[in-house]
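Notes follow once the structure below has been shown.
Nothing in this text is a laboratory measurement; each read-out follows from the coordinates by a stated rule. A quick note: this is a predicted structure, and the numbers were derived from the prediction, not measured. Note that we place each Cβ from the backbone using ideal geometry, even for glycine, and neighbour counts take in every protein chain shown.
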Amino acid sequence: MKGFIFAILAIFLLNGCGDDKGKFIIQNKSQKGFEETALELRKALEAQNFTVLDTIEHKKTADENKISIQPQKIITFTEPKVASTLIACNPTMGIEVPFKIIVWQEYAGQISVEYINPEYWSLTHNIKDKKCLNILVQTTVAIKKAVDNSLKK
């Protein structure tokens, strides 16, 4: 009986709850071109009071090493007070800071914008404090809003 209950619980955990809260990586599709999507995302992040720190271009590095990949950019960004507070909640949160979003082009040409769901960090970094959990929820909302705004036509 214990094995059966464990199996049901494992299936439930692996499948999630059927909504975005169960997803570790939030996936979005853009109807814009690659460069326009990346530029609009930077603008939308800044409009949400994030500081864009850097854009890492993996394709450029791959090309220099004669490796073929589709266009891909990682946009790194932060909000210093939020980042510092999250690190105070658990020092391992420093792994997640600065925050990151990937913009990449699939071989068929579709542009994807993806990021790790900040609510997942509560699990990976064992954050249980209500203040810290609230900050994670607010961060999730702000990132989602920036991504959604950047994808509007």
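Which one, Gln138, Ile116, Ala62, is farthest towards the positive end of the dipole of the chain when Lys and Arg carry +1 and Asp and Glu -1 on their Cβ?
It is Gln138.
Rank the residues Phe24, Phe34, Phe77 as a footprinting-exposure proxy: fewest other Cβ atoms within 10 Å of their Cβ go first. The partial results should precede the final answer.
Working: Phe24 11, Phe34 18, Phe77 23.
With the sparsest Cβ surroundings first, the list reads Phe24, Phe34, Phe77.
Can you tell me the relative contact order of the stretch 28-151? Whole percent, Cα pairs under 8 Å, sequence separation 6 or more. Numbers along the way, then the final one.
Working: 185 pairs, mean separation 39.9, N = 124.
With pairs under 8 Å counted, the relative contact order is 32 percent.
Over all directions, how big on average is the projection of the convex hull of the alpha-carbon atoms in the chain, in square nanometres? Don't skip to the answer; put the middle values down first.
Details: hull surface 46.6 nm².
Mean projected area for the chain: 11.7 nm², to one decimal.
Using only Cα atoms, find the angle between the long axis of helix 130-151 and the longest principal axis of the chain, and express it within 0 to 90 degrees, rounded to the nearest 10.
Taking Cα atoms only, the helix is inclined about 30 degrees.
Treat every Asp and Glu Cβ in the stretch 28-151 as -1 and every Lys and Arg Cβ as +1, leave all other atoms uncharged, and give the resulting dipole magnitude about the Cα centre to the nearest 20 debye.
280
Which aspartates and glutamates, on any chain, are close to Lys145 with Cα under 18 Å apart, when same-chain ones fewer than 8 places away are left out?
Answer for Lys145, where 18 Å is the Cα cut-off: Asp19, Asp20, Glu36, Glu40, Glu46, Glu79, Glu114, Glu119, listed by chain and number.
Report the Cα centroid-to-centroid distance between the stretch 63-81 and the stretch 113-129 in angstrom, as an integer.
Between the Cα centres of the stretch 63-81 and the stretch 113-129 lies a distance of 21 Å.
Quick check on the exposure proxy: order Val113, Val52 from fewest to most C-beta atoms within 10 angstrom. Before the final figure, lay out the partial values.
Numbers: Val113 24, Val52 15.
Taking fewest neighbouring Cβ atoms as first place, the list is Val52, Val113.
For a quick check: sort Lys130, Lys153 by the number of other beta carbons within 10 angstrom, fewest at the front.
Fewest-to-most ranking of Lys130, Lys153: Lys153, Lys130.
Obtain the nm distance between the two label points defined at Phe24 and Lys152 by a simple spin-label model: each point lies 7 Å from its Cα along the Cα-to-C-beta direction.
Between Phe24 and Lys152, the simple spin-label model gives 3.3 nm.
Enter the angle in degrees (range 0 to 90, nearest 10) between the Cα long axis of helix 80-89 and the first principal axis of the Cα atoms of the chain, meaning the one along which they spread out most.
Compared with the principal axis, the helix lies near 30 degrees.
Considering the dipole of the chain built from charges on the beta carbon (Lys and Arg +1, Asp and Glu -1) around the Cα centre, which of Gln31, Asn126, Thr92 is farthest to its positive end?
Farthest towards the positive pole: Asn126.
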